[in-house]
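The values are calculated or read from the model by the stated rules, or taken from the named source; none is laboratory data. Owing to the predicted nature of the structure, the values given are computational and were not obtained by experimental measurement. A quick note on method: Cβ atoms are made from the backbone with ideal geometry, for glycine too, and the neighbour counts reach across all protein chains shown. We work out accessible area using only protein heavy atoms, side chains counted, and drop any ligands, DNA or RNA first. Shrake-Rupley method; radii C 1.70, N 1.55, O 1.52, S 1.80 Å.
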Amino acid sequence: MNRLVSRSVLLRATRCFSRTTEVSGKQTCLIETHKKHGGKLVEFAGYDMPTQYGDLSIKESTIHTRKHVSLFDVSHMLQTHITGKDRVAFIESLTTADVQGLQENSGTLSVFTNEKGGIKDDLIIMKTDKDFLFLVTNAGCIDKDLPYLLENAAAWRAKGKDVNIETLDNRGLVAVQGPEMAKVLQEGTDIDLSKLTFMKTTVGSVFGIDGCRVTRCGYTGEDGVEISVDPTKAEQLVDRLLASQAGKVKLAGLGARDALRLEAGLCLYGSDIDENTTPIEAGLAFVVAKRRRETLDFPGAEKIVKQLKEKSWPKRRVGLLAQPGRCPRSHLPLIDPLDKCAIGFVTSGCPSPTLGKNIAIAYVDKSHSKEGTKFIVDFGAKQAPVEVVKMPFVPTHYYTGKK
């Protein structure tokens, strides 16, 4: 999900700010925490957000998350309740998810699609045991997602349907990610984390703070949760987590989060997926639920399902492993070494802290998308070889309750 600014923008922005810099965006409920711990602030999606903290580099923070546990402020993201008896049919009319088929207190990654089958945004949908759906959508897309939801809800109500959109303005959202998450969090919650498996959600007390919604998910490839918390209690929550002796807990910023999600092969909206890319081209066929492939009642359904059935689409998202030296970055063209024709372009790239190698995500002609295929990334003055490899680059560790 688009929880981050692109890495090239992050790197430019990081160079422009001192360790604790006053910038001009909106602020999350954890702004004082960022300042207190030496967060390097940049403006992202209209918010002042930390790229990293003073005690760890981005590389060190990435490795720490893989080995221990890190806290990320993702409170800038849009949290929404959809209420009304027609809420399930409403959200299904805009997305590819089978919300009707979800069990209570479980959820799914899905996408808003446009009439051409492109991805308007990606989102998490949780079907709670209360009278609402809980949505988390991207910070960078709030200005289009929220009007889209509101306008469509108004149109449904005009037809006599019962659906309403309620935004959880300013509410905190803290991602706790890494292999030590469960033992750190379990000591402070009445929720049995052994029963809260990947993409399940519940409400409980966390370190004495009641009414916390805890969802087992994340954007790092590691085991983790996201905790939706009263904004007046968010700083207390983070302080209690940082004070835990059950694991090595550190704060982490947008820089590490970008490296972590790229290593996990996860898409960044606006870079790896957009309104001109279908879920099938993006390698996200799993978000198009089986029942929805039959009902064909979401925007762009005919094109998307046709691609699935005919197994025919022009481009494919792939992982690339690059040679040591300069790392492939977004927008760089990819060249067939034999006929010198362009066959694709890079959408994301970074030196992988975990692997110690340069990795990237790209779109290439389907004919060049087979694992092991080699071609050239064109830096302009120089060129370098790259090879298609399987994603994720680093194994994921989502908690399913199975050994």
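Remarks
- The condition of being open to solvent by 20 Å² or more (accessible area, probe 1.4 Å), in contact (Cβ under 8 Å) with a residue 24 or more places away in the chain and in a helix (DSSP H, G or I) holds for S93.
- Condition check for R316: in a strand (DSSP E or B) and out of contact with any strand residue (DSSP E or B) (no Cβ under 6 Å at 6 or more places or on another chain): yes
- Pair list, Cβ under 6 Å, 6 or more apart: segment 202-224 residue of a type in the set (D, E), other residue open to solvent by less than 10 Å² (accessible area, probe 1.4 Å): E222/Q177; E222/G178; D223/M181
- Matching entry among A246, A259 (being in a loop (DSSP other than H, G, I, E, B), in contact with a helix residue (DSSP H, G or I) (Cβ under 7 Å, 6 or more places away or on another chain) and either open to solvent by less than 10 Å² (accessible area, probe 1.4 Å) or assigned by TED's automatic domain parsing to the domain that holds R66 (or both)): A246
- Sole residue being within 23 Å of I58 (Cα to Cα) and out of contact with any Leu (no Cβ under 6 Å at 6 or more places or on another chain), chosen from K315, K250: K250
- Looking only at residues in segment 1-51 that are hydroxyl-bearing (S, T, Y), modelled with pLDDT under 50 and assigned to a loop (DSSP other than H, G, I, E, B), the one that is nearest to C267 (Cα to Cα) is S6.
- Counting only residues that are under 20 Å from S369 (Cβ atoms) and free of Cβ contacts under 8 Å to residues at least 12 places away in the same chain, segment 287-332 holds 5 of them.
- Considering segment 352-403, and only residues there that are touching a helix residue (DSSP H, G or I) at 6+ places or on another chain (Cβ under 6 Å), assigned to a loop (DSSP other than H, G, I, E, B) and not aliphatic (A, V, I, L, M), the residue that is most open to solvent (accessible area, probe 1.4 Å) turns out to be T354.
- Residue satisfying condition, being in contact with a helix residue (DSSP H, G or I) (Cβ under 8 Å, 6 or more places away or on another chain), part of a loop (DSSP other than H, G, I, E, B) and farther than 23 Å from L30 by Cα, within set K116, K195: K116
- Test: E235 is among the charged types (D, E, K, R), surrounded by 16 or more Cβ atoms within 10 Å (Cβ to Cβ) and farther than 21 Å from M77 by Cα: no
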